[in-house]
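Below is one structure, written out as structure tokens; comments come after it.
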């Protein structure tokens, strides 16, 4: 923001000072001197303006602030809406994942129930670790500990 | 000599302490080439602000000497030139303070 303001101030000063660029090449000294004095006066007028408004309240700085806000502001509603959409998508994915795991667990339980009615608890746990959640880091580590 | 200085001053958009730039970088409002880190602008005697104000004293003395020398026979013009110099110094000091406040806010 400060850089934008400084650019604006320098731009204004440069604009005023550049009125002296038509001073000529020194052939007509009076014209050249008058042009430089005019450019100096114009530049000082710009400086005076900035000092009068204490920089912060100068209309040019206010315009810069408005431009900066327009360029960088994030509309709260849009942001919240986007976050909600993101969270909803994530929640949907997680629900699907949990549903899949639950279905697999039920299928596994039914399979063992049909086979012999009852089954050892340890076997059931091993089966779950190997077939249902082999990628789970917690279960994988517990499985490795058990085997090790 | 003086005319050359004045003509050269119209070529450079940035004052020397703020860095030099080429025409294609004029629209880059995000930074000042000479102040890559705003946090170091007002950093005691190592900051750019201090260097600018210290340099201003030297330049001010030189300009005052030039004014006295060139306009010694024109007291009104000399007084006007000194006033303008004083105004310019005041502007630079206020600009530096504005930058410090704005960088820190």
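The alpha carbon convex hull volume per residue for segment B:32-72 rounds to 65 Å³. Spatially, segment B:37-62 and segment A:27-100 are offset by 27 Å when compared through their Cα centroids. Among A:43, A:85, sorting on how many other beta-carbon atoms sit within 10 Å of each Cβ, with the fewest leading, yields A:85, A:43. Using the Cβ-Cβ distance between residue B:58 and residue A:94 with R0 = 45 Å, the FRET efficiency computed as 1/(1 + (r/R0)^6) comes to roughly 0.10.
All Cα-Cα distances of segment B:44-105, cut into 10 Å bins from zero to the largest, leave 21, 42, 23, 12, 2 percent in each bin in turn.
Footprinting exposure proxy ranking of A:64, B:70, fewest other C-beta atoms within 10 angstrom first, gives B:70, A:64. Normalised by 2.2 N^0.38 Å, with N the number of residues, the alpha-carbon radius of gyration of segment A:2-72 equals 1.38.
Distance between the 7 Å Cα→Cβ label points at residue A:114 and residue B:72: 11.6 nm.
Each value in this text was obtained by applying a stated rule to the coordinates, not by laboratory testing. The structure displayed is predicted, hence computed values, not measured ones. Here Cβ is always computed from backbone atoms with ideal geometry, including for glycine, and neighbour counts include all displayed protein chains.
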